[in-house]
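Novice: Attaching a single structure in structure tokens format; questions to follow.
The values are calculated or read from the model by the stated rules, or taken from the named source; none is laboratory data. This is a predicted model, so every value here is computed, not measured. So basically every Cβ, Gly included, is an ideal-geometry build from the backbone, and we count neighbours across all protein chains shown. Areas reflect the complete protein model, heavy atoms only, side chains present, ligands, DNA and RNA absent. Shrake-Rupley method; radii C 1.70, N 1.55, O 1.52, S 1.80 Å.
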Amino acid sequence: MTEQRTLRVALLGAGSVGSQVARLLQEHADDFAERSGARLELAGILVRDPDAPRDVPLPRELLTTDAESLILGADIVIELMGGIEPARTHVLAALRSGADVVTGNKALLATHGAEIFELADQVGASVSYEAAVAAAIPIIRPLRDSLAGDRIVRIFGIVNGSTNFILDSMDRQGLSAEEAQRIATELGYLEADPTLDLEGYDAAQKAAILASLAFHTSVEIDDVYREGISGVTADMIEDARRAGSVIKLLAVCERIADADGEAISVRVYPALISREHPLASVHGGNNAVFVEAEAAGPLMFYGAGAGGVQTASAVLGDVVSAARRHIAGGVGVGETPRQSLPTARIGRITTRYQITLEVADLPGVLATVAGILSEEQVSVATAMQTVENAGDATARLVIGTHQATEQALSDTVTRLAESSVVTRVASVLRVEGE
């Protein structure tokens, strides 16, 4: 019987995901050996403080603060530290040493992905990152491998479970934004810095990764248009309900072609989705991503978008794949972008708006508003006016537009805000999923 090879695995970080990875590697060592063809030996765990309390008990002898020695002695390096530095330095050092890298670090890949993948190609190593975008949901490997022979046209969906939990709680339970955020914090959904979730930074990082992979081009985080959910109110949720819609924070990555040529648009913002659309039924902290390909058509990926053990599942799937490559031999899968499509500014996209206005409750107001839209070449699809309080001199007007360029719609909102009949532009939401 041939003796089974042993591969040394270095784990960088022992937080909620890293500690679960360490636990599973040890508890299911025999299973991983059967699946990968090699014994996966956890060589050490890089931590800031070996004596810090942890939710999952870890062998004290595995904990170390010596990153260099741990990395240089490893065949596979798992980076779960988060942030840019020292994660970037450690990942580059691992690749230069000949190790394969598995990471769940969306911020690192969104800002330094091109540098990391270029080095991996040069040394013949692999960088796997299934856990970086949608936790347990397999989306990276299908885009990179299963759909490699197809042409991706569009990706859109929910990639941040924290904001989905908040918006879903506001919609289904009638909670205020503040109440929903408090519960999300208590449940551990929000990042230590909640603005990463609430202002769309987390989703934008994931959108940059997805777009780079799907369109084979380099998308920098600064190329992603971003709006968060901090401006979404209970009134906006109720207006959406009246219109038969729900508000979701969406990441949208798509090819566009117009008079200026072909480009890609990558954007994150709260948008209206029809309650009949599958994304409307994505509740709690779950994620869902639609992929539209020319040959395969529409595909949907759904599941847990957060959680330590759920994310560990994706990490360990990448570890098994890396181990198989070590046993079989050969170079890693290349990820260096092969195209150079420009990233379009938000003004070039075509979309629809739902505009909520507070207007003077006087005859001719609707005609004035419609005239402004007509002058900007934006047509009205729906209009609903309500008087909020008897005797009040203002009314609430909710307008749904037909499709137009973002620039034309934005200019229309500016004109409306300046109009003498409009007291206030209460909200502006885009409409997606049609």
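Novice: From Cα pairs below 8 angstrom and at least 6 apart in sequence, can you work out the relative contact order of the chain, rounded to a whole percent? The partial results should precede the final answer.
Specialist: On the way: 909 pairs, mean separation 70.9, N = 434.
Reported as a whole number, the value is 16 percent.
Novice: Right, something else. Measuring from centroid to centroid over Cα atoms, what is the spacing of region 1-59 and region 375-432 in Å?
Specialist: After rounding, the separation between the Cα centres reads 56 Å.
Novice: In region 250-311, which GluC sites (Glu not before Pro) fall in coil by DSSP and have 12 or fewer other Cβ atoms within 10 Å? Don't jump to the answer; show the numbers that get you there.
Specialist: On the way: sites: Glu254, Glu262, Glu276, Glu292, Glu294; in loops: Glu276, Glu294.
Sites meeting the loop and neighbour criteria: Glu276, Glu294.
Novice: Accessible area per residue, 1.4 Å probe, Å², for the chain: what's the number? Don't skip to the answer; put the middle values down first.
Specialist: Values: 18770 Å² over 434 residues.
Per residue, the chain has an accessible area of 43 Å².
Novice: Could you work out how far helix 308-328 tilts from the main Cα principal axis of the chain, as a 0 to 90 degree angle to the nearest 10?
Specialist: On a 0 to 90 degree scale, this one is about 50.
Novice: Can you give me the angle between helix 406-418 and the longest principal axis of the chain, using Cα atoms only, in degrees from 0 to 90, rounded to the nearest 10?
Specialist: So the inclination is approximately 50 degrees.
Novice: Now for a separate question. Nearest 10 degrees is fine. How inclined is helix 201-215 to the longest principal axis of the chain, computing both from alpha carbons?
Specialist: Value to nearest ten degrees: 70.
Novice: Now for a different question. For region 235-373, what does the relative contact order come out to in percent, with C-alpha contacts under 8 Å and a separation of six or more? List each step's numbers first, then the result.
Specialist: Values: 116 pairs, mean separation 26.3, N = 139.
Contact order relative to length: 19 percent.
Novice: Follow-up question, since we're still on this one. I need the Debye-formula profile for the chain: one equal scatterer per C-alpha, no solvent, reported as log10 I(q)/I(0) at q = 0.06, 0.09, 0.10 1/Å, two decimals.
Specialist: -0.30, -0.62, -0.74
Novice: Also, quick follow-up: Gly305: net charge of surrounding residues, Cβ under 14 Å, Lys/Arg +1, Asp/Glu -1, itself excluded? Write down the numbers at each step before the final one.
Specialist: Numbers: positive: Lys106, Lys206, Lys248; negative: Glu130, Asp168, Glu191, Asp197, Asp202.
Around Gly305, the charge tally is -2.
Novice: How many percent of Cα pairs in region 73-161 exceed 18 Å?
Specialist: Numbers: 1836 of 3916 pairs.
Result for the distance tail: 47 percent.
Novice: Take the solvent-accessible surface of the protein heavy atoms, probe 1.4 Å, and return the percent of it on the chain that carbon and sulfur atoms account for.
Specialist: Values: 9030 of 18770 Å².
Looking at the chain in its full context, I get 48 percent from C and S.
Novice: For region 155-172, just list the computed ³J(HN,Hα) in residue order, Karplus coefficients 6.51, -1.76 and 1.60, θ = phi - 60°, integers in Hz, with x standing in for Gly and Pro.
Specialist: Karplus-based 3J(HN,Hα) across region 155-172 equals 10, 8, x, 9, 10, 10, x, 5, 5, 5, 4, 5, 5, 5, 5, 5, 6, 8 Hz.
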